[in-house]
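Below is one structure, written out as structure tokens; the observations come after it.
What follows is calculated from the coordinates using simple rules that are stated; it is not laboratory data. Here the structure is a predicted model, which is why all the values come from computation and not from measurement. Because the Cβ atoms are built from the backbone with ideal geometry, glycine has one as well, and the counts that use them run over all protein chains shown.
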Amino acid sequence: MQFKRGTLVAAEENPKSECSRKATFWSRKSGPLTVVLGDDKPRIPGIEEQIAYMTILFDRLTIFDLFASNSITITFAKNEPWRVFASIPVSEDLSDGYVDVTYRTIANAINRASWWLSENLGLANTSEVFSYMGPNDLRYSIFLVATIKCGYQMMIPSPRNSREFQVELLQRANSKTVLCARSHTRHFEELQDDDELDIFFTVVPELSELLEDTEVVVYPFNKSYSDIRKDKFMILHTSGSTGMPCFHSAGIWFFLFMPVYFGSTVVYGPTKRPLTSDVAAKGIVSGRIEGGIYPPSILEDLSKSSSNLEELRKLKFIAYGGGALSTSAGDKLSRITTLHNFIGFTEASAPPRYVMEPDVWDYFEFHPASGFVAKHYHDDLYTMTFEKNPEHESVQACFRILPNLTEYSPGDLISRHPERKNLWTHSGRTDDLVVLSNGEKFNPIPMEEILRSCHFVKDVIVSGEGRFQASLLVERDPETALSASDIDIVEALWPFVESANKISSAHSRISKSFIFTAPSQKSFSRSAKGTLQRKTTIKNFEAELNKLYSSPNGNSTPPEAVRPSLANRVEQRVNPGFTMRDSPLESSKPATLTVHQGVSRSGNTISADTIRDLVATVCNIRPTSDKGDLFESGLDSLQATELVDQLKELSNSWPQDRETAMKLLYANPSIQGIINAIHLHSSAEESSATNHSPQPSILESPVPTLGSASVEGLVEKYTSDLSQLLPSRAKTVVLTGATGSLGCYLLESLMREPSIARIICLHRGENGKENQVAASRKRGFQFNPKDKSVDFFRIDLSRSDLGLQPSQLSDIHINADAILHNAWSVDFNQHLTSFETHIAGVRYLAELATRSQRRARLIFVSSIASVMNWDTNLGEVPEQVLTDYSVVGDGGYSKSKHTAEQILQRFAASADLNVSIVRVGQIAGSIGGSPGTWSIPDWLPMLVKTSKTLGVLPKSLGTGDDIDWVPIDVVTKVFMEILRHELHNSHEGHCRVYHIANPRKTSWGALLPATCHVIGNDIRLISFHEWVQKLQEHAKKDYDVQKLPALKILPFYKNMAAPPEARMPVLDTTHTLIVSKALANLDAVQGVWMERWIPAWTS
């Protein structure tokens, strides 16, 4: 975060006072208020007024000034429209320059966002809670002020939260609506298909739309300060003991209050990739920066370059927070500019402090008004504590937010200055959170518990405080590891590290090159009780850790222990039958990774496939194309570090210096970019070589890749015993997505199917069985397996092993006969990239089926959406995989289903996988004796319920007027018939496509009499186009989304209002009807069915 025009603090001392000190408080003036303090009571004019808005986190208070009719924002917009609020980059390349956003533009954007919120959330001034997540841009400030104008509450969850943590936040805050920037929809994809949550998701306008110049009507706000001073308007969450990062309250200060109250201009960085030292340096030059607030890791990098230091010298101040800054970096910076060590808490804002001198830049001195006291914790450590002081209660933000407390401790540990006893420095936290230099936090305890299970290990410590990534200290067991080498210990420990990495966040993962095994003569420190003393131990190993982190690759671990990991991990992905016993790295001859296409240097060839597998293995990322930006696909800074280290290991043509290699990756953040970079470096080296032979590659002998020979070997391995399998044997079926609407019906049918003996449900959350029981009961089922065995395994579709335990993976390998893949996020607003996890899951499930001993058939639940743009002039959509991309629907959901079909067809053709793709049309409510209704969140139930409220019903359904719906209980019967057929006729072909659509069509007009009878015969019939127009008119007013639910998906209905001749494609069911009697015998949708479904929608 960078600033121009304005400073954080003033810097003049009072020379007349021998004991004078500087204290900084924020005020409503154009700059900060600097107060000179002596031994007497601080002379602080109007302190209650000056600092009252430190409590803005949870009540409106003086943020009132931002949007009232005579607000500062409006005043600036009217009287000084040219005044700049913020500067935003023209593009991701900061050298392209910046665009200044004026107060006129920001005021207009706030009004536009206010109208948008009121139209999408319904009635205003209800204090309804919604959640917002987006990139680091102006929308946070815009929507926050718009939230207050509209009378809502805005929760800001972290994108790094786990699914379980997000669910808990949404439920505890009672947030029924989630707003996302289009770039962040992937963070909620696991929640969108969870019917239990009953949450409405929608995508907010792009920033460019909000900042558009067209003037909008001012959103009215005429309340007084006394009316709203105690109203809640924002909800933030702290990181807590789980170590999950949060949107800190400092962001509100710097992004919103600094510009308005202090006359500063916030200069934003790029939004699609992590902040780097290069980006920060470009920002200083391109953005005309006068001051900046940076993560410590960025300042560490900037301090290493003399040219960067010269640019930093031009700044009036530099501030950092959220982590530790090394002494060497801090000393360099404090000599050239004013360096501020910022401290604050989400739940307590920033306590008042004095400004530090350059020689004590890493210390704090708290002002008495803060209520600070130091309470002894252990040795030289104290807990940072604040006591309630009635005299300065409004300054103590924590007691405004937590009024029942008389004492508050955020859990931080501090140490006293060796000479100046009133100065304190931060020394960690009581809950053992590790804080990296970039401000990311994580709890090492769960990881350590797993790592201690290794038989060679006595104890471990996951460290990294103030460093750029985590490391592992290992204490060898004196009995089992007495004669073991460091290599033996690391290799024995590595499977446990991989297990620990799976449960940890991306920034806390441990790389093999950052493992240090302590010598047997140097043990960990322990108390008299035998308790491990973490900080003392880390201090005792400080020299070893410094060497570990200063090495270009870490590389404390011997290279022999690191390099097999890369080849083995990549090879395990491309050749699942490969093990370390087969690895050529076991031999004394060096090995190399061979390519089939791409670039080459002295026999060292690297293909696109190799780079793809490396990226997938190291980073768990598979971009949709080789040109796709890896950072937009989810690559973080820690993964980038590991990736460049592995690239160095893979190719001598990749820069061997980490800093250069990181810059090269950030400049070429794609598969194709990496290949091109290697090619250019290789060509440059060859052209400069004279009589010298190229240095031997790290890997020189061929490693098997995914070719026809290895595929044939796998097929033979896993199908050689097929003749021993009896056709009459009871089957085991693996099911995903069992808690969804269709999934519950499928599970119920599988439990009743005589030929199925066992069902394995793969769930993405914890407590699989409990969640399934609740989901089934919601749909009227009692979940009674009777004599069936139903197991629940937790999975992660983004992982190549699906996040399964080794025993669970082996279970499926041995026993699965079919995998019925039904789990998918149904959201027509998301882009294709948001479905990356689902697409990866298809690949990994296909691998699982390919390797299974029973040659399991993979049955994939697809959708008519995958072929929505089929040319209806060609007739019905054929029952086959269509490779013409022009048939794909426009949305990300459609494209993701089509992508999955293409992947499965290729697996069927090249890996001998048996695949069945089932394209499903519109699923309706049940008609048989089974329970269940047509889900209200679907488009037709919402249309009918909204029509009853409006008093008008469309007499046609636009492009959807031809009715070929299939009741959900019939859909389930069709799936069971397909499953039986596939299990007994797998020899018929590798990839088959089925269509579930009603072979007997009817029209909406034929169903209108029954529909009107249930809704009320006085309802008026209008054209579909008129109905959509009327819906749009209500979207501009205050409305109750419960009564007008169709407004949630207004764009969907707009798309249906096409020209009369336009129609949705019709699915050919010729082959499916041969297999399914249930579909063949299905009647057209009848009015009596509508009379059964509608009462549940309109009640």
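May I ask you to order 392-403, 88-99, 365-376 by the average number of other C-beta atoms within 10 Å around their residues, highest value first?
Ranked from most to least packed, the peptides come out as 392-403, 365-376, 88-99.
Quick one: Karplus J couplings for the stretch 137-145, per residue in order, coefficients 6.51, -1.76, 1.60, θ = phi - 60°, nearest Hz, x for Gly and Pro?
For the stretch 137-145, the Karplus curve yields 9, 5, 5, 4, 5, 4, 6, 5, 5 Hz.
Using the structure shown, list the pairs from Lys948/Lys1048; Lys304/Lys663; Lys230/Lys1036; Lys1030/Lys1054; Lys223/Lys1043 with a Cα-Cα distance above 20 Å, or answer none. Before the final figure, lay out each step's value.
Numbers: Lys948/Lys1048 16 Å; Lys304/Lys663 14 Å; Lys230/Lys1036 29 Å; Lys1030/Lys1054 12 Å; Lys223/Lys1043 28 Å.
From the list (Lys948/Lys1048; Lys304/Lys663; Lys230/Lys1036; Lys1030/Lys1054; Lys223/Lys1043), the Cα-Cα distance tops 20 Å for Lys230/Lys1036; Lys223/Lys1043.
If contacts are Cα pairs under 8 angstrom and at least 6 residues apart, what is the relative contact order of the stretch 867-941 in percent? Kindly include the intermediate steps, with their values, before the conclusion.
Numbers: 44 pairs, mean separation 14.4, N = 75.
It rounds to 19 percent for the stretch 867-941.
Of all beta bridges DSSP finds with both residues in the stretch 444-518, what is the antiparallel percent, to the nearest 5?
Working: 6 of 9 bridges.
Counting DSSP beta bridges with both partners in the stretch 444-518, the antiparallel share is about 65 percent.
Mind listing the long-range amide H neighbours of Tyr98? Cut-off is under 5 Å, sequence gap 5 or more, other chains count too, H placed in the peptide plane at 1.01 Å from N.
Val90
Using the structure shown, list the pairs from Lys272/Lys512; Lys441/Lys522; Lys282/Lys314 with a Cα-Cα distance above 25 Å, or answer none. Don't skip to the end; give the middle numbers.
On the way: Lys272/Lys512 29 Å; Lys441/Lys522 29 Å; Lys282/Lys314 14 Å.
Beyond 25 Å: Lys272/Lys512; Lys441/Lys522.
Under 14 Å from the Cβ of Glu479, count the other residues' Cβ atoms, weight Lys and Arg +1, Asp and Glu -1, and hand me the total.
Numbers: positive: Lys458, Arg476; negative: Asp459, Glu475, Asp477.
Net charge in that neighbourhood comes out at -1.
Give me the net charge of Trp82's neighbourhood, meaning all other residues with Cβ under 11 Å from the Cβ of Trp82; Lys, Arg count +1, Asp, Glu -1.
On the way: positive: Arg83, Arg104; negative: Glu80, Asp100.
Taking every other residue near Trp82 into account, the sum is 0.
Within the stretch 722-920, how many lysine pairs that are 8 or more places apart, or on different chains, have C-alpha atoms less than 27 Å apart?
The number of close lysine pairs in the stretch 722-920 is 8.
Can you list the lysines whose alpha carbon sits under 25 Å from that of Lys421, skipping same-chain ones fewer than 8 residues off?
Cα-Cα hits under 25 Å: Lys16, Lys22, Lys41, Lys332, Lys375, Lys388, Lys535, Lys539.
Once Lys and Arg get +1 and Asp and Glu get -1 on their Cβ, which of His898, Gln880, Leu913 lies farthest toward the positive end of the dipole of the stretch 814-919?
Going by the Cα projections, it comes out as Leu913.
How large is log10 I(q)/I(0) at q = 0.12 Å⁻¹ when the Debye formula is applied to the Cα atoms of the stretch 444-518, each weighted equally and without solvent?
Ignoring solvent entirely, the Cα scatterers give -0.28.
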